[in-house]
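K.L.:
Pasting in a structure now, in structure tokens, and then I'll have a few things to ask.
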């Protein structure tokens, strides 16, 4: 299904909600740390979020993790984060030792999220 969804099908499956956009922007303006963790692939998430939130949707989030593989994301302790490369639509095998704003990550665990994102809002 992920590969079949494109910009033309978004109105069929998603409903725009200006309140959500306002809410997320208000959180960001108030310096709240925000992250997105999903089991879906980046292209699918990007398509839906662009439709609902606009082309700069990723600026709302401090950390974005795709293909998280939940519930493994919460249950495993050792499963490395990988950088996602938008150009090749694949993971980069370079070691991730910190989670930085503007990057897209794949897989990982909640334990590594706490370790590699020192500003995690506890």
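Rule-based calculations on the coordinates, nothing more; no lab input. Since this is a predicted model, take the numbers as computed values, not measurements.
K.L.:
How high is the relative contact order of the chain, given as a whole-number percent (alpha carbon pairs under 8 Å, six or more residues apart)?
P.N.:
24 percent
K.L.:
Once you have the Cα-Cα distance between residue 55 and residue 77, take 0.36 nm times their residue separation minus that, and quote the gain in nm to one decimal.
P.N.:
Value of the extension gain: 4.5 nm.
K.L.:
How much length is gained if the chain between residue 98 and residue 111 is pulled fully straight, taking 0.36 nm per residue apart and subtracting their Cα-Cα distance, in nm to one decimal?
P.N.:
3.4 nm
K.L.:
Using DSSP, restrict attention to beta bridges with both residues in region 50-114 and report what percent are antiparallel, rounded to the nearest 5.
P.N.:
If I count the DSSP bridges inside region 50-114, around 65 percent turn out antiparallel.
K.L.:
Based on DSSP H runs of at least 4 residues, each adding -39500 (n - 2.57), what is the mean residue ellipticity at 222 nm of the chain after dividing by all its residues, to the nearest 500 deg cm²/dmol?
P.N.:
It lands at -8500 deg cm²/dmol.
K.L.:
Another question about this same structure. If you find the alpha carbon centre of region 12-71 and of region 72-99, how far apart are they in angstrom?
P.N.:
Between the Cα centre of region 12-71 and that of region 72-99, the gap is 18 Å.
K.L.:
Return the Cα extents of region 7-116 along principal axes one, two and three, sorted largest first, each rounded to a whole Å.
P.N.:
Over region 7-116, Cα extents along the principal axes are 38, 33, 25 Å.
K.L.:
To check you understand DSSP bridge types, tell me what percent of the beta bridges within the chain (both residues inside) are antiparallel, rounded to 5.
P.N.:
Within the chain, antiparallel bridges account for around 50 percent of the total.
K.L.:
To the nearest 10 degrees, how steep is helix 42-53 against the longest Cα principal axis of the chain, on a 0 to 90 scale?
P.N.:
50 degrees
K.L.:
For helix 18-29, report the angle its Cα long axis makes with the longest principal axis of the Cα atoms of the chain; keep it between 0 and 90° and round to the nearest 10°.
P.N.:
Its long axis makes an angle of about 40 degrees.
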